[in-house]
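The values are calculated or read from the model by the stated rules, or taken from the named source; none is laboratory data. Keep in mind the model is a prediction, meaning the values are calculated, not measured. Here the Cβ is made from the backbone with ideal geometry for all residues, glycine too, and neighbour counts use every protein chain on show.
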Amino acid sequence: MGHKRSAIVALGIAATMALSSNAFAATYASGSQPWYMTPGQIGPGIVINAPAGYGASWGQAFLAAGGATRTPGRNKVDGSLAGGIGFGNANKYVGVELDVGIISVDPNDGGFGEDGNVALKIHRNLPWNAAIAVGTMNGVRWGSGKNVPNSYYGSYTQVFFANPSSMTNRMPIFATIGYGNGQFQRLNGLTKSNMLGVFGSLAWQFVPRASLIADYTSETLDTGFSVIPFKTVPISLNFGAIDITQRVSNKQAFYASLGYVFNFS
């Protein structure tokens with residue numbers, strides 16, 4: 001697998017791995033009291049590939065499945081599975097989120113589970129409607145996952161409100177900015193582990209259960225839509241376009257993912 005293909009595969013996988021941030025970003029203040037996620041209440045996506053400052057704490061976990069329509073040199077869907085669990089308490093101390101991704105889900109393509117990776121995020125919720133995180137993606141890799149660079153990053157997410165006076169829909173805007181190496185660096189530097197790159201994301205939760213997202217990572221621009229289709233069922237649907245400026249390839253790629261969030265505390 002070449003480095004360009006590795007980059008676009010990583011983008012497709014991120015559509016599922018980002019489910020943790022999507023679900024657990026709802027810790028910002030609502031009115032005069034904080035609103036914390038309870039069973040059956042999750043938020044739509046706030047990032048696509050850029051890691052958000054928010055993450056999972058103890059009592060929160062997720063499972064997700066997704067895929068991208070094509071990668072360079074491969075004209076069929078690349079699928080992936082992901083699961084994550086949180087530890088600690090990001091409101092009082094720090095939260096620690098551990099994610100495992102299975103890149104290979106096709107038994108005819110090397111075997112189920114032959115390729116994968118592990119990600120780790122340490123994060124803290126801040127009292128001014130924000131969160132900060134440091135972490136690693138692809139910290140542990142196997143199979144073709146070794147072709148995706150081990151990546152370290154720091155990330156900050158700030159929440160603003162487009163309709164702050166509303167009692168029912170404050171229309172939060174999630175702005176994420178960060179810096180990292182590996183899959184976050186410039187595309188022409190993917191072979192150099194010491195190069196750094198800026199990433200960012202902007203998401204508008206225009207209704208309580210849906211959001212629009214624009215995301216920039218490793219010189220690629222992605223756009224997406226995330227929705228919670230059922231009010232009392234913690235399922236998230238996410239889909240959109242990867243690399244809309246065709247920086248990696250001249251063929252447009254699309255992604256879709258489905259995630260389920262568990263609250264067990």
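Observations
- Residue within the stretch 185-206 that is part of a strand (DSSP E or B), within 13 Å of the chain's Cα centre (by Cα), buried (at least 16 other Cβ atoms within 10 Å of the Cβ) and without any contact (Cβ under 8 Å) to a residue 60 or more places away in the chain present: yes
- Checking each residue in the stretch 212-246 for being among the polar types (S, T, N, Q), farther than 21 Å from G83 by Cβ and part of a strand (DSSP E or B) picks out T217, T220, T223.
- Looking only at the stretch 121-173, and only at residues there that are outside any strand (DSSP E or B) and hydrophobic (A, V, I, L, M, F, W, C), the one that is nearest to S218 (Cα to Cα): V148
- Failed item in (1) modelled with pLDDT of 85 or more; (2) surrounded by fewer than 19 Cβ atoms within 10 Å (Cβ to Cβ); (3) within 17 Å of S218 (Cβ to Cβ), with G180 passing the rest: (2)
- Of all residues in the stretch 220-265, those being over 17 Å from the mean Cα position of the chain (by Cα) and on the phi > 0 side of the Ramachandran plot number 1.
- Single match in G53, G66, G101, G86 (criterion: part of a strand (DSSP E or B) and modelled with pLDDT of 90 or more): G86
- Hey, V233 of a type in the set (A, V, I, L, M) and crowded, with 16+ Cβ neighbours inside 10 Å or not: no
- Whenever a residue of the stretch 78-101 is in contact (Cβ under 8 Å) with a residue 12 or more places away in the chain, its partners that are in a strand (DSSP E or B) and of a type in the set (S, T, Y), lying with C-beta atoms within less than 7 angstrom and at least six residues away or across chains, give the pairs D78/T71; G101/S80.
- Scanning the stretch 111-120 for residues that are in a strand (DSSP E or B) and surrounded by 18 or more Cβ atoms within 10 Å (Cβ to Cβ) yields G116, N117, A119.
- Taken together, S257, S249 contain a single residue that is outside any strand (DSSP E or B) and surrounded by 16 or more Cβ atoms within 10 Å (Cβ to Cβ), which is S249.
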